[in-house]
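A.B. asks: Here it is, the structure, as structure tokens.
The values are calculated or read from the model by the stated rules, or taken from the named source; none is laboratory data. These figures come from a predicted structure and were not determined experimentally. Neighbour counts run over all protein chains shown; Cβ positions are idealised from the backbone, glycine included. We work out accessible area using only protein heavy atoms, side chains counted, and drop any ligands, DNA or RNA first. Shrake-Rupley method; radii C 1.70, N 1.55, O 1.52, S 1.80 Å.
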Amino acid sequence: MAFELQMVGVAVLIGLVHLLCVAVIGDVQRGLKWSAGPRDARIELTGLGGRLERAWANFCETFPLFVAAVVVTYLGGRIGVLTSIGALLYVVGRVAYLPLYAFGVPWLRSVAWFVSLFGIIAILLALVV
């Protein structure tokens, strides 16, 4: 299996960690009664919960772009060093992003986000070079 596809699998696991973190802290802050109910009334998460929820939303914004870039380069026969480096950058950036955002580290969080963005850009560059 191509390394880039393996990194997609790792990114799926990162997404599951994001989702579980939000679900657990959501249950703690909102209560199990709200979680098991119809959720008609929106209860905003605060503090750590709010940061985890925003980190999850950010992951949901970038993940489809990463997968699309990997799939297009893979199907187009453009997999190589650049796509491997890009996939690794995306995954490393996303691994770093969650705890940095969760604990409110402002500048390094942005660096981690840019690392993951550069990963996607590197994969896309393989289509033109």
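A.B. asks: For the range 37-65, how many residues meet the condition of being of a type in the set (Gly, Ala, Ser), part of a helix (DSSP H, G or I) and surrounded by fewer than 18 Cβ atoms within 10 Å (Cβ to Cβ)?
C.D. replies: 3
A.B. asks: In this structure, is Gly26 modelled with pLDDT under 95 and surrounded by 17 or more Cβ atoms within 10 Å (Cβ to Cβ)?
C.D. replies: Yes: the conditions hold for Gly26.
A.B. asks: A follow-up question, please. Six or more apart or on different chains, Cβ atoms under 7 Å: show the pairs whose first residue is in the range 37-55 and at negative phi and among the acidic types (Asp, Glu) and whose second is open to solvent by less than 40 Å² (accessible area, probe 1.4 Å) and not in a helix (DSSP H, G or I).
C.D. replies: Note: pairs meeting the criteria are Glu53/Leu45.
A.B. asks: Just for the range 95-107: of the residues that are touching a residue at least 12 places away in the same chain (Cβ under 8 Å) and outside any loop (DSSP other than H, G, I, E, B), which one is most open to solvent (accessible area, probe 1.4 Å)?
C.D. replies: Residue satisfying both the conditions and the ranking: Val95.
A.B. asks: Going by the conditions given, is Leu45 over 21 Å from Leu117 (Cα atoms) and touching a helix residue (DSSP H, G or I) at 6+ places or on another chain (Cβ under 6 Å)?
C.D. replies: Considered against the rule, which asks whether it is over 21 Å from Leu117 (Cα atoms) and touching a helix residue (DSSP H, G or I) at 6+ places or on another chain (Cβ under 6 Å), Leu45 comes out as yes.
Every residue, every condition in (1) open to solvent by 40 Å² or more (accessible area, probe 1.4 Å); (2) in a helix (DSSP H, G or I), yes or no:
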position	(1), (2)
Arg78	yes, no
Tyr90	no, yes
Gly93	no, yes
Arg109	yes, yes
Leu117	yes, yes
Ile123	no, yes
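A.B. asks: Can you name the condition, by its number, that Trp34 falls short on among (1) assigned to a helix (DSSP H, G or I); (2) open to solvent by 70 Å² or more (accessible area, probe 1.4 Å)?
C.D. replies: Tallying (1) assigned to a helix (DSSP H, G or I); (2) open to solvent by 70 Å² or more (accessible area, probe 1.4 Å), Trp34 fails exactly one: (2).
A.B. asks: Ok, one more. Yes or no: Ile85 over 13 Å from the mean Cα position of the chain (by Cα), open to solvent by 50 Å² or more (accessible area, probe 1.4 Å), under 30 Å from Val128 (Cα atoms) and aliphatic (A, V, I, L, M)?
C.D. replies: Yes.
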